[in-house]
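Since the structure comes first, as structure tokens, the remarks are kept for the end.
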Amino acid sequence: MDPAYQAAGAHPENLGAYALDALDPAEAEAVRRHTAHCRECRQQLDELVEAKDALDRVPLEALLDISPDFA
């Protein structure tokens, strides 16, 4: 693992937080630097962003409409 990535406090589990824009600036920069050259983490990040984007397209009403089967 990239020492600069770890030194900045970023870790692989931060990829999800990065996809949600929930990291502090130093951690986000560490993730950007790391994923610029780590194909495995870049692929994982791309998948997380894709999942986030898909969930963002779900209307809020769809999440609030609870079927009687689940109540």
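The values are calculated or read from the model by the stated rules, or taken from the named source; none is laboratory data. Since we're looking at a predicted model, the values are computed, not measured. Cβ placement follows ideal geometry from the backbone for every residue including glycine, while neighbour counts extend to all protein chains displayed.
When Ala51, Ala30, Ala22 are checked against the criterion of being in a helix (DSSP H, G or I), small (Gly, Ala, Ser), under 15 Å from the mean Cα position of the chain (by Cα) and modelled with pLDDT of 90 or more, a single residue qualifies: Ala51. How many residues are in contact with a Leu (Cβ under 7 Å, 6 or more places away or on another chain) and of a type in the set (D, E, K, R) if we restrict to segment 41-64? Of the residues in segment 41-64, 1 are in contact with a Leu (Cβ under 7 Å, 6 or more places away or on another chain) and of a type in the set (D, E, K, R).
Taken over segment 33-48, the criterion of being exposed (fewer than 12 other Cβ atoms within 10 Å of the Cβ) and more than 13 Å from the chain's Cα centre (by Cα) is satisfied by Ala36, His37, Arg39, Glu40.
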